[in-house]
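Structure first, then comments.
The values are calculated or read from the model by the stated rules, or taken from the named source; none is laboratory data. Computed from a predicted structure; not experimentally measured. Don't worry about glycine lacking a Cβ; one is built from the backbone with ideal geometry, like all the others, and counts go over all protein chains shown.
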Amino acid sequence: MQATAQAQPNVALIKYWGKLDPARNLPATGSLSVTLDALWTRTRVAFDPTLTTDRFSLNGREDADGLGRVSQCLDRLRRLADVPQYAVVESCNNFPTGAGLASSASGFAALVAAAAHALGLALDPPALSRLARRSSGSAARSVFGGFVLLPAAVSPEDDVPAEPLLDEHAWPLEVVVAVTAQTSKTIGSTEGMRRTADTSAFYEAWVSSNGPDLSEARGAVMSRDFEALTSVSERSCLKMHGLMLSADPGLVYWNGATVECIHRIRELRRRGTGVFFTLDAGPQVKAVCLPGSTEEVSRALADTPGVMDVMVSRLGRGVHLAETP
Ligand code: PMV
């Protein structure tokens, strides 16, 4: 009745921002991501008939704030397995939590895989991906490695899973993460998406222009066309942040160093370096690099005022079971 799983965060190149059905967490926009290798979440789940409630710790500390979402996720698995027991969940991240580094993606992918195994449920990757999506849309993608697509749901019955496009070895891009803040974000993605859909004059245009961006990005990935992937990825990212800024009150996830990094990356590209940027609901900058460019990009970002730390990662695999420590 116990298992440990490891999952890695993913970085969306085409962004999911908006829910077709908030209750079932169905994405209104399709997204395409790369799963990382160097950053990870490891989660141990142990069901125990003597417990009277679930218990959750993150990096060795009881986490009362995170417990609700963890329990809701476990409830879905308990119902499937018809097992009423509570569980101890111990999770560990080797990177900052809740600051736009997709800790919910790796966190829920690892939780679902560990809990399913502990309960003896034989779920295939699409089933794990659907369950992970119920807790965090981006977590659906961390079930798979390499390049991953999560389509938009077309109706409230469309219980979409993510699907793998290319594995992590097929096109070995690398990602440099520039950490520009170590605090947790103020407005979480669920609240941010709700506010944007309710108040932005641009929301419908955002949703309707996502399909063409997604097919363009998919084509660029399948043909390993870095230039094409650069232009569609930066467009999707800046369009999402433009949309966020246009909410009421506007959502500003950037800080000064975020902007400095964007300029630095574009300057490197003008000089011929294979790199583009992307940003999520937080101030960290992710630079996607052709393998030969990674060192130069990493040095340039480390040298940018306001950057606290730089992490470099290859592309990695999907969620997998790990040794219980
Ligand atoms: O699924 P969530 O709640 O982690 O939201 C993800 C939102 C973005 O990171 C901004 C975009 C994305 O597709 O990952």
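Give the residue, chosen from Val259, Val179, that is without any contact (Cβ under 8 Å) to a residue 40 or more places away in the chain and either within 18 Å of Ser33 (Cα to Cα) or hydrophobic (A, V, I, L, M, F, W, C) (or both). Outline the logic, then answer.
Numbers: Val179 fails: without any contact (Cβ under 8 Å) to a residue 40 or more places away in the chain.
After applying the criteria, what remains is Val259.
Out of Glu234, Glu204, Glu216, I need the residue that is loosely packed, with under 14 Cβ neighbours inside 10 Å and either of a type in the set (Asp, Glu) or under 20 Å from the mean Cα position of the chain (by Cα) (or both). Which one? Can you show your working first?
Values: Glu234 fails: loosely packed, with under 14 Cβ neighbours inside 10 Å; Glu216 fails: loosely packed, with under 14 Cβ neighbours inside 10 Å.
Every option except Glu204 fails the conditions.
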Among residues of the stretch 18-34, those that are in a strand (DSSP E or B), within 11 Å of the ligand (Cβ to nearest atom) and surrounded by fewer than 24 Cβ atoms within 10 Å (Cβ to Cβ), counted: 1
Residue match in the stretch 171-180 (condition: touching a Lys or Arg at 6+ places or on another chain (Cβ under 9 Å) and either at pLDDT below 95 or within 19 Å of Leu321 (Cα to Cα) (or both)): no
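Restricting attention to the stretch 1-17, and to residues there that are of a type in the set (Gly, Ala, Ser) and crowded, with 24+ Cβ neighbours inside 10 Å, which single residue is nearest to the ligand (Cβ to nearest atom)? Walk me through it before giving the result.
Step one: of the stretch 1-17, the residues of a type in the set (Gly, Ala, Ser) are 3, 5, 7, 12.
Within this subset, residues satisfying the condition of being crowded, with 24+ Cβ neighbours inside 10 Å are 5, 7, 12.
Details: Ala5: 18, Ala7: 13, Ala12: 3 Å.
Out of the qualifying residues, it is Ala12.
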Residue, nearest to the ligand (Cβ to nearest atom), within the stretch 73-96, restricted to residues that are more than 22 Å from Thr324 (Cα to Cα) and touching a helix residue (DSSP H, G or I) at 6+ places or on another chain (Cβ under 7 Å): Arg76
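Before we move on, is Ala201 away from the ligand (no atom under 16 Å from the Cβ) and modelled with pLDDT of 95 or more?
Values: away from the ligand (no atom under 16 Å from the Cβ): yes; modelled with pLDDT of 95 or more: yes.
Yes; evaluated as a whole, the condition is true for this residue.
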The stretch 273-286 residues that are over 12 Å from Val177 (Cα atoms) and within 13 Å of the ligand (Cβ to nearest atom), paired with ones that are modelled with pLDDT under 95 and not in a loop (DSSP other than H, G, I, E, B) (beta carbon under 7 Å, 6 or more apart): Ala281/Ser189
Subset of the stretch 291-316 that is crowded, with 17+ Cβ neighbours inside 10 Å and out of contact with any strand residue (DSSP E or B) (no Cβ under 6 Å at 6 or more places or on another chain) - its residue that is nearest to Val148 (Cα to Cα): Ala300
Which numbered condition Tyr253 misses (of (1) assigned to a loop (DSSP other than H, G, I, E, B); (2) in contact with a helix residue (DSSP H, G or I) (Cβ under 9 Å, 6 or more places away or on another chain); (3) farther than 19 Å from Thr29 by Cβ; (4) of a type outside the set (A, V, I, L, M, F, W, C)): (3)
